Amino acid sequence: MDDDIRTCRLWEISENLHRAELTAQERAKLVAEWTELVGEKPGQLAQVLGGRGNKDGVSEAARQLGLERTDVRRCMKIASLSPEAQSVAVETGQDNIQTALLEAARPFLNIPTSCPIPSLPWGLSPT
């Protein structure tokens with residue numbers, strides 16, 4: 001992504017994050033996008049992790065936004081919900097309840113194949 005476009009988008013996200021009326025879901029999407037944008041470096045093919053002075057997107061986003069890394073990771077999980085699950089959250093009024101959104105995101109993340117599929121909130125199917 002062009003550096004000017006990235007800077008403009010970061011500015012726009014910053015303005016939106018300062019709006020008081022954001023739901024937890026909207027805020028999570030913006031924090032996740034910010035994290036992805038700061039994780040990208042112009043001319044860099046792959047994200048650099050670790051090493052002295054090399055920050056991943058989560059650490060850098062947390063520093064820039066004044067959040068804990070765990071909060072940024074939670075936002076990334078919520079933003080990873082499928083569009084269907086996000087729509088259901090809005091329809092059921094749960095899009096502003098971070099705990100419910102994280103619970104909905106959990107079954108889709110890192111489930112060993114030997115584990116039984118738990119019942120999902122809002123009657124969603126994992127398939």
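The values are calculated or read from the model by the stated rules, or taken from the named source; none is laboratory data. In this text the structure is predicted, and so the values were computed from the model without any measurement. Neighbour counts run over all protein chains shown; Cβ positions are idealised from the backbone, glycine included.
Looking at Arg73, Arg63, Arg6, just one residue is part of a helix (DSSP H, G or I), touching a Leu at 6+ places or on another chain (Cβ under 9 Å), at pLDDT 90 or above and surrounded by 13 or more Cβ atoms within 10 Å (Cβ to Cβ), and that residue is Arg6. Within the stretch 61-75, residues that are β-branched (Val, Ile, Thr) sit with their Cβ atoms under 9 Å from residues that are in a helix (DSSP H, G or I) and surrounded by fewer than 18 Cβ atoms within 10 Å (Cβ to Cβ), at 6+ positions apart or across chains, in these pairs: Val72/Ser59.
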